Each structure stands twice: as structure tokens, then as C-alpha cells.
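Visitor: Quick one: structure below, then a few questions.
Readers should treat all values here as calculations from the given coordinates under stated rules, not as data from a laboratory. This is a predicted model, so every value here is computed, not measured. Note: ideal-geometry Cβ built from the backbone for every residue, glycine included; neighbour counts use all protein chains shown.
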Amino acid sequence: MLYQQLIRTNYRIFIGYIGTILISVSLIFLLPLLILPAFPEEIEYIKYFLISFVCLAVTGFIMRLSLKGIDDKSLNLQQGGVIVVLSWIIVILFSSLPFLLGRQLNFTQSVFESVSGWTTTGLSVVDVEKIPRIYIIWRSIMQFFGGAGLAVLMLSTIIGPHGLGLYSAEGRSEKLLPNIVKSTKIIISIYSGYAFVGIFLYILFGMPWFDAINHSFAALSTGGFSTKVNSIGEYNNIYIELITILLMVLGATNFGAHFVLLTGKFKKFFKIGEVRLMFYLAVISVPVISFIALSEIYDSIGERLRIGVFQAISALTTTGFSTVSYVNWNGMAMFIMIILMLIGGSVGSTAGGIKLYRIYVLFRSLIWNIKKYFLPRNIVRENYIYTYEGISYINQSKIVELANFIIIYLAVYFLGVSVFLMNGFSLQDSMFEFASSLGTVGLSVGITNSGTSNVILWTEIFGMFLGRLEFFVIFFAVIKVLKDLKFIFSRKLVK
């Protein structure tokens, strides 16, 4: 009986915290209205955003009432996972309403665009040359706040230090300061500061202000939504490409590493394992793409290098901006791009993928195991890597956990690729497109468009969602809900 009461209390807290998230997120629906003074002809679309705002805010307020009479409670990872997963699903559904109510997209397409925005993927089914600009800025706003994460937004504004489980459930582990609330506020400050710098630099080098806002938000969030059909390639401006590369790398770097860099600890920054691995991967992949894979397509060495650098960084940071089409790329170039998309950016960044941290630890563990065979058996070694916090010791259970994650990730990847194959797409195109979905990248070989079947779109939706929130969090949340439901129903059957 006591446990049953505890379950009821927990779910009242879950519902209340979800309501808190919904109230805070509802305000974001008003931000697209800020562009109306510049584009007054789009005033007719206001009502769709206002309806969505009111519906989400009222839903959140009603859910928050469940917290009445309950004291704040610290949340563990499983409990935080339930709140985060349900919050993301509700926010995504409400965020699709402006597209649906405005008759810009059908239901599946609306959900797809919303998922692609909040998960910072960037795959799209809209025609950016025809859709109203208020919807274009809405996509970029979703990416910007999706990159920060719902938990970070909430913890930095409303909920206090009891929400550590929420923070961890959204794939974040970096505590820049001992206080979790102060840490989230620093993350928001760094993130917003970079975005404004990006907007300023884009405008400085010739990009229109509307495009600058959208591209800065999309690049920093490693999202990839563009205002142009040909993405960054539309501008054919090397300075704009360099600014974009900078923002993509910043977005794909752990916020803890940013804190180290901004506090002037440069030596410590460049010792961080993830930072070094990102650099090494770029150094290896760019020459291979530029001078070997693309040698048959582009004559100029400078052009090949320029294209190779941008596309490799875009794939590795899981951003999804492009400057060229992939139609005439050979198998080697596409294979390298797929590998980079699967690896992804840093843990605790806005990027997706398996993450550099996991790859780095497993690579180091291989070296540790090789070294072990050449050392005396009675020697005890403590294996460690460098993170933004300093030395981090790695035990065997941690290595097994990371290996399990990668196995599950690749299993889901091949399952998704199989769906594409069953729908008649080639192996190369299927691997590329679903790697882009699962890694929340946004690069496409043309499979994803307004005419794509619902089967493929829903496969990509699940891939993007799993890739953004990470598998263990979703599994923990589902298992907890099922266990609680099983207990409650078993008690009722006994009675």
C-alpha cells in the first residue's frame, strides 16, 4: 500500500514537472511574431501560433496543479527520463500545430518537421522558397532551443537543484559549477553569446539579417535548417563558410570545454580527449575526401579542399549544412561521410551521433589492453582520460556500458537501413540517409522531401528522436512506466 502511494506521488510530481516545462516552452511560440514588423504581409499566420501557445500553456498550467501540496523532490535518472521523454513528445506534437493549422503540411509532415527542428537534425520536407518566413524562423527557433535542451531551459529558469535527474536524462553530465542551476545558466549564456556573435559576423560579411539569424541559430545548434534551397552553397562566399565552420565546431564541443576555454585554460582545453579526437578525425578525413575521393569531380585543388573541409566538418558536427550536391560523389567519399555522421560530436554539446567521448574511450581501452600484454602481471594500472574536469578514471564497467550503447546504436541503425532497403532505395543511399536521421545530422541524398512516403518519414522520426535523447534514457523511462503499471494492475487483480 505504501509503495502504491509512493507511485501515485511520483507521478503527480512527474505530471507537475512536465507542466512546468510546457509553460516555459509555450513562451517560445510567441517568438516568431517578432518578425512581423518586417514582414507585415504574414500577419494572417499569427493566429496559428497564438492558438498553439494558448493550448500548450493551458495544458501545462493544468498539469502543474498536480504539484499542490507536494514538496520538491530530487529526481533520479529513471524518473528524470520519464519526465524528459514525455515532455519532448508533447512539445513536439504542439510544435507541429502551426504547420498543420496553417495548412502548410499534413500531419505526418508537420510532426516530421517539428521533430527535425527540436532534435536539431535539419532534414526537411518544406520548400523554403514557398513557405512563409514566419515558419522558416519557427524552424530555426525550434533548433536553437532544442540544442540547449528542455531540461536546461527549465532548470535555468524555474526548477531548482532538485532536477539533476532531468539534466542527466537529457544526455548532459557537465557541471560547470557545483550548483546545477548556475551551471545551466552559464550554458545558456555561452550558447546565446555565440549565437549573437554568429549573427553579427554573418551580417558583416554580406548575409541578409533574416538569413543571418536563421543560419546562426541552425549552425550553433548543429541543426542545419537553411533559408536557401542550396543551403550555405547558395552564397558562394568563403567567409560565410568559415563562419559557419566555426559555429558548427563550437556547437559540437562540450559546454564544459567551452567553460575551460573561456576561463583562459588553453592547455587544459587542448588536452581534452574529445577535442583532440575531433581534431584528428578532421585532419584524417579532410585530405582523404578532398584529394582522393573528390579528385575525379573537381579539378582545382583549392576547390576540393574548400569543399572537403566544409562537408567533413558538417558531417562530424552533425550539423547538415552543405555547399554542394552529393549526386556525383563516389562510394569512398560517401562512406567517409557516413562514418563521420555516425561518430558525431561531443557529449554535452548540441551534436548527435555515437559521440566522440565513447569512441575515444573505446579506442584508448584498446591501447590499454595491448599495453597490458607487455607489462608484468602484478602491476596495477589506473586507466584515465582527460576531460574538461581534468583526469577522469575509467574502469571496466564504464567501458562495458559504452560498448553496450554503441552496439544498441548500430543495431538500431541497421534496422532503420533495412526499412529503407525494403522501400526500394539503394544500400548506399539508405545508409547515408538513416545515418543522417539517427545522428541528427540533416544531410540528404534526396530521399527526404515533400513526396517521401509516410513509412520513411516515420522511420526517420523515430531515428531522430532516439538519436537526440539517447537510447538508455528512453529505455529507462519505458521500463519504469511499464514496471509501475504492472505493479498497479497486479494489485488491482489481487483485490
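Visitor: Which residue, chosen from LEU101, ILE354, SER453, occupies the Cα position most advanced towards the positive end of the dipole of the chain, where the dipole is computed from +1 (Lys, Arg) and -1 (Asp, Glu) charges on Cβ about the Cα centre?
Guide: Of the candidates, ILE354 comes out farthest on the positive side.
Visitor: Let me ask you something else. If packing is taken as the average number of other Cβ atoms within 10 Å across a peptide's residues, how do 458-468, 128-138 rank, most packed first?
Guide: By packing density, highest mean first, the sequence is 458-468, 128-138.
Visitor: For the chain, with the dipole built from +1 on Lys and Arg beta-carbon atoms and -1 on Asp and Glu ones, taken about the Cα centre, which of HIS215, ILE83, ASN378 lies farthest toward the positive end?
Guide: ASN378
Visitor: Mind grabbing the base-10 log of I(q)/I(0) for segment 1-50 at q = 0.16, 0.17, 0.32 Å⁻¹? Debye formula, identical points on the C-alpha positions, no solvent, two decimal places.
Guide: Cα-only, vacuum Debye calculation for segment 1-50: -0.60, -0.63, -1.08.
Visitor: Okay, moving on. Using unit Cβ charges (K, R positive; D, E negative) and no other charged atoms, how large, in debye to the nearest 20, is the dipole of the chain about its Cα centre?
Guide: Dipole about the Cα centre, nearest 20: 2220 debye.
Visitor: A further question on this structure: Output wanted: per-residue J couplings in Hz (rounded whole) for segment 23-35, from phi through Karplus 6.51 cos²θ - 1.76 cosθ + 1.60, θ = phi - 60°, x for Gly and Pro.
Guide: 5, 5, 6, 4, 5, 5, 5, 8, 4, x, 5, 5, 8
Visitor: Expressed in whole Å with the largest first, what are the equivalent ellipsoid semi-axes of segment 320-444 derived from the C-alpha gyration tensor as the square root of 5 times each eigenvalue?
Guide: Result for segment 320-444: semi-axes of 34, 16, 14 Å.
Visitor: When the expected Rg is taken as 2.2 N^0.38 Å, what fraction or multiple of it is the alpha-carbon Rg of segment 295-345?
Guide: 1.09
Visitor: Follow-up question, since we're still on this one. Can you give the Kirkwood hydrodynamic radius of segment 49-150 from its Cα pairs, in Å with one decimal?
Guide: It is 14.9 Å.
Visitor: On the principal axes of its Cα set, how long, how wide and how thick is segment 376-440? Give whole Å, largest value first.
Guide: 56, 29, 16
Visitor: If you place +1 on the Cβ of every Lys and Arg, -1 on the Cβ of every Asp and Glu, and leave all else neutral, what size is the dipole of segment 1-110 about its Cα centre, to the nearest 20 Debye?
Guide: Rounded to the nearest 20 debye, it is 440 debye.
Visitor: Please tell me the relative contact order of segment 204-309 in percent, rounded to the nearest whole number, where contacts are Cα pairs under 8 Å and at least six residues apart.
Guide: Answer for segment 204-309 is 16 percent.
Visitor: If you split all Cα-Cα distances of segment 209-272 into 5 Å bins from zero, what percentages do you get per bin, shortest first?
Guide: Pairs per bin, as whole percents: 4, 17, 23, 21, 12, 11, 9, 4, 0.
Visitor: Of the listed pairs LYS371/LYS398; LYS271/LYS372; LYS355/LYS480; LYS228/LYS267, which have alpha-carbon separations greater than 28 Å here?
Guide: LYS228/LYS267
Visitor: Of the listed peptides 345-351, 80-86, what is their order by residue-averaged count of other C-beta atoms within 10 Å, with the highest listed first?
Guide: Highest to lowest by the protection proxy: 345-351, 80-86.
Visitor: Using only alpha carbon pairs under 8 Å that are at least six residues apart, calculate the relative contact order of the chain and give it in whole percent.
Guide: Worked out over the chain, it gives 18 percent.
Visitor: With +1 on each Lys and Arg Cβ and -1 on each Asp and Glu Cβ, and nothing else charged, work out how big the dipole of segment 339-472 is about its Cα centre, in Debye to the nearest 20.
Guide: 680 debye
Visitor: To one decimal place, what Kirkwood hydrodynamic radius in Å is obtained for segment 256-335 from all pairs of distinct Cα atoms?
Guide: 14.0 Å
Visitor: Work out, in µm²/s and without decimals, the Stokes-Einstein translational diffusion coefficient of segment 395-495 at 25 °C, 0.890 mPa s, Rh from Kirkwood over C-alpha pairs.
Guide: The estimated diffusion coefficient comes to 157 µm²/s.
Visitor: Hey, another quick one. Using square roots of five times the C-alpha gyration tensor eigenvalues, list the equivalent-ellipsoid semi-axes of the chain in whole Å, biggest first.
Guide: The three semi-axes for the chain are 34, 31, 22 Å.
Visitor: Jot down the per residue volume, in cubic angstrom and as a whole number, of the convex hull over the alpha-carbon atoms of segment 343-400.
Guide: For segment 343-400, the hull spanned by Cα atoms encloses 86 Å³ per residue.
Visitor: Taking the Cα centre of each part, how many Å lie between segment 3-72 and segment 319-359?
Guide: So the two Cα centres are separated by 34 Å.
Visitor: Toward the positive end of the charge dipole of the chain, about the Cα centre and with charges on Cβ (Lys, Arg +1; Asp, Glu -1), which of THR387, GLY320, LEU294 goes farthest?
Guide: THR387
Visitor: May I ask you to order 98-108, 116-126, 428-438 by the average number of other C-beta atoms within 10 Å around their residues, highest value first?
Guide: Ranked from most to least packed, the peptides come out as 116-126, 428-438, 98-108.
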